[in-house]
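Reading through the structure tokens given below for one structure.
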């Protein structure tokens, strides 16, 4: 069974992304891999931050370390340049 995730994009769009073929593969997938897939699928050219439940996802971590499973929902936020000095 394919593993899919629900993604809420930064512009309000909702998309289901096919991530991998099974739960065993899921255990080895990093946040960075998911980030690149989301940026490609949603045609995002800016850097994004991803959140699962209340946790910001770190690129070097495994998705499984956050308890992310088939049909979990990932929130995305655009990281725009600028801010306080």
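For the stretch 69-85, give me each residue that is touching a helix residue (DSSP H, G or I) at 6+ places or on another chain (Cβ under 8 Å) and under 17 Å from residue 36 (Cβ atoms).
Kept after step one, since they are touching a helix residue (DSSP H, G or I) at 6+ places or on another chain (Cβ under 8 Å), are these residues of the stretch 69-85: 69-70, 74, 76.
If the condition is that a residue be touching a helix residue (DSSP H, G or I) at 6+ places or on another chain (Cβ under 8 Å) and under 17 Å from residue 36 (Cβ atoms), then 74, 76 are the ones that fit.
Name, by its number, the condition in (1) more than 11 Å from the chain's Cα centre (by Cα); (2) at negative phi that does not hold for residue 67.
Of (1) more than 11 Å from the chain's Cα centre (by Cα); (2) at negative phi, only one is false for residue 67: (2).
Being touching a strand residue (DSSP E or B) at 6+ places or on another chain (Cβ under 6 Å) and more than 15 Å from residue 52 (Cα to Cα) is the filter here; which residues of the stretch 1-13 pass it? Spell out the reasoning first.
Kept after step one, since they are touching a strand residue (DSSP E or B) at 6+ places or on another chain (Cβ under 6 Å), are these residues of the stretch 1-13: 2-10.
2, 3, listed by residue number.
No lab work stands behind these numbers, since they all come straight from the coordinates. Bear in mind the structure is a predicted one, so any value in this text is a computation, not a measurement. Here Cβ is always computed from backbone atoms with ideal geometry, including for glycine, and neighbour counts include all displayed protein chains.
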